[in-house]
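> Here it is, the structure in full.
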Ligand SMILES: Nc1ncnc2c1ncn2[C@@H]1O[C@H](COP(=O)(O)OP(=O)(O)OP(=O)(O)O)[C@@H](O)[C@H]1O
Ligand SMILES: [Mg+2]
């Protein structure tokens, strides 16, 4: 394993869940600094839950989680906040503040944490919104936008403080192919322009995996099915990894879509057939 | 012995509910202490507080005017027919003004503001909780207590006394409308009796009540919204709806209980 450097994220025997319901057990991985790590896995396998732990919003049931070599859950409140200030986050549904316009949402961290003049803030905000293709929407409220637009605005807010750690929960889901590709390019540009930036992307978009991933953590069946560089992922013969990459459903998991006769009858009656 | 648990069940349930309520009240006190401390966290709080004062005022002012006038008019009517039996209808002004300033102004204002602004505090913060907005604030290193709760408590402390004063004034005018305009009491007597009977202590008492009620309503409403996700009686939108209901019901109950306790100290 590589030596700890910069703002890498290390999971050691991490077990996470809600109450006493375990979602993921004994996950080990090192998401390296300066690269794009992708957390992939089926819907509901615990990707967002894992991300909430990296953000320190939830405590793990067992194991440790270190960010930049510091055990996140052993830090004092002050030091913990210092680490978390390094993180920019895109939540799965954007989590924009509904009572503020897009511009005010993106400006919020700058307003709260810096004494920059209004005009400068406005300029930064418009620049970040332009990066995600929303420069014309600064005065719209989040619920006046589509889901994909909210997601892009969420990314603009996540990068407004130029954080060395960027965490994105499904940045491309709900986007059309053009905007999805644009999102991928944005992440690649960020990696190129900010050397040492740790980018973690949760996704099940295989095209993004091909386009941007350097390192992959694949979750399956309540644990890590694979953790390593993307080339090693392609070489692996693990059957679940192969079926995921080949976008194939197991034959024995094919659902039976025929209806029971009495259900069919009831539906026919309702449809006047 | 098989009946033992059945007989004890209601007692156990009552005990558990009482313990839960006490625990929750303790948690609300800590919540309030944190909120009060954070009012002074930074000068950036001032615009947020003013904005909330505007929100509370614009939501509640009209209903306060309406309820105030009618309360005063009813007091005038009831007071007149009671006092006239003793031939002392001249005291009507004093009766109306004292009931309003000492009791009805602060209490009815608090209950009206609970319905208008308290419920929307609970609902708004509750929605922010279930849509990750509060987590997003936390992650941006913006303390959600300082950003959402402290300005609402401060704004309530400013607006409750003002709205109570408005209620008292329009109530006294409402009493004037029934007493003087409709029932023919002498105008000079009405106002003279107010002036000679209302003391500064009555006004301070009413003022203190309105401050206490402000703290109660803002704390209970924000608390219910803030912890929507911890509710056991519903998740998601249902949780928000239950939080809003609890905010209104608990605020009103606490206001009336606190009113009794404070009144017994003041008298
Ligand atoms: N608040 C919660 N309380 C209890 N269980 C939860 C909660 N949130 C999620 N879960 C459970 O945790 C598991 C993982 O959920 P999570 O949201 O992390 O999935 P995900 O991998 O992000 O899925 P998707 O790709 O659909 O976003 C699910 O089985 C879900 O039922
Ligand atoms: Mg998810």
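None of the figures in this text is laboratory data; all of them are computed from the coordinates on show. Since this is a predicted model, take the numbers as computed values, not measurements. When we count neighbours, we look across all protein chains shown, and the Cβ atoms used for this are built from the backbone with ideal geometry, even at glycine.
> On a 0 to 90° scale, report how tilted helix B:119-130 is relative to the longest principal axis of chain B, with both axes built from alpha carbons and the result rounded to the nearest 10.
With rounding to tens, the tilt is 10 degrees.
> Right, next: Provide a whole-number value for the mean count of partner chain Cβ atoms within 10 Å of the Cβ atoms in peptide A:81-89.
2
> Of all DSSP beta bridges in the protein assembly as shown, what percent run antiparallel (nearest 5)?
Expressed as a percentage, antiparallel bridges in the protein assembly as shown total about 55.
> Helix B:4-39 sits at what angle to the longest principal axis of chain B, using alpha carbons and giving 0 to 90 degrees rounded to 10?
For helix B:4-39, the angle is close to 80 degrees.
> Which whole-number percent of Cα pairs in region B:122-267 have a distance greater than 24 Å?
Distances greater than 24 Å cover 50 percent of the Cα pairs.
> For region B:47-266, what relative contact order do you get, as a whole percent, if you take Cα pairs closer than 8 Å and at least 6 residues apart?
36 percent
> Add -39500 (n - 2.57) for each DSSP H run of 4 or more in the protein assembly as shown, then divide by its residues: what number comes out at 222 nm, to the nearest 500 deg cm²/dmol?
-19000 deg cm²/dmol
> Which order results if B:59, A:47, B:85 are arranged by neighbouring Cβ count within 10 Å, fewest first?
The fewest-first ordering by Cβ neighbours comes to B:85, B:59, A:47.
> Right, next: Convex hull over the Cα atoms of region A:96-162, averaged projected area in nm²?
Mean orientational projected area (region A:96-162, Cα hull): 3.9 nm².
> Restricting everything to alpha-carbon atoms, can you work out Rg to Rh for chain B with a Kirkwood hydrodynamic radius?
Radius of gyration relative to Kirkwood radius: 1.08.
> Assuming R0 = 60 Å, can you tell me the calculated FRET efficiency for the pair residue A:206 and residue B:85, based on Cβ-Cβ distance, to the nearest 0.05?
My answer for the efficiency is 0.10.
> Nearest 0.05, what FRET efficiency do residue B:12 and residue A:262 give at R0 = 60 Å with Cβ-Cβ as r?
For R0 = 60 Å, the calculated efficiency reads 0.85.
> Output the relative contact order of region B:99-200, whole-number percent, from Cα pairs under 8 angstrom with separation of 6+ residues.
Worked out over region B:99-200, it gives 34 percent.
> Report, to the nearest 10°, how far helix B:187-197 tilts away from the longest principal axis of the Cα atoms in chain B, using its own Cα long axis and a range of 0 to 90°.
Taking Cα atoms only, the helix is inclined about 60 degrees.
> Stokes-Einstein D for region A:143-183 at 10 °C, 1.306 mPa s, Kirkwood Rh over Cα pairs, in µm²/s?
D, rounded to a whole number, is 146 µm²/s.
> Counting other beta carbons within 10 Å of each Cβ, put A:111, A:152, B:232 in order, fewest first.
By the 10 Å Cβ count, ascending, the order reads B:232, A:111, A:152.
> Sorted by average packing, counted as other Cβ atoms within 10 angstrom per residue and highest first, what order do A:36-43, A:76-83, B:104-111 take?
Listed from highest to lowest mean packing, they are B:104-111, A:36-43, A:76-83.
> Continuing with this model, one more query. Let me confirm one metric for peptide A:94-103, namely the mean number of other chain beta-carbon atoms within 10 Å of its residues' beta-carbons.
The per-residue average across the peptide is 4.
> Further question: Can you give me the relative contact order of chain A as a percent, contacts being Cα pairs under 8 Å and 6 or more apart?
Computed over chain A, the figure is 24 percent.
> If neighbour count is taken as other Cβ atoms inside 10 Å, put B:160, B:70, A:194, A:244 in order from fewest to most.
Listed from fewest to most nearby Cβ atoms, that is B:70, A:194, A:244, B:160.
> Show log10 I(q)/I(0) for the protein assembly as shown at q = 0.06, 0.11, 0.12 Å⁻¹, two decimals, from a solvent-free Debye sum over equal Cα scatterers.
Relative scattering, expressed as log10 I(q)/I(0), comes to -0.44, -1.04, -1.14.
> A further question follows. Averaged over B:127-137, how many beta carbons belonging to a partner chain fall within 10 Å of each residue's beta carbon?
6
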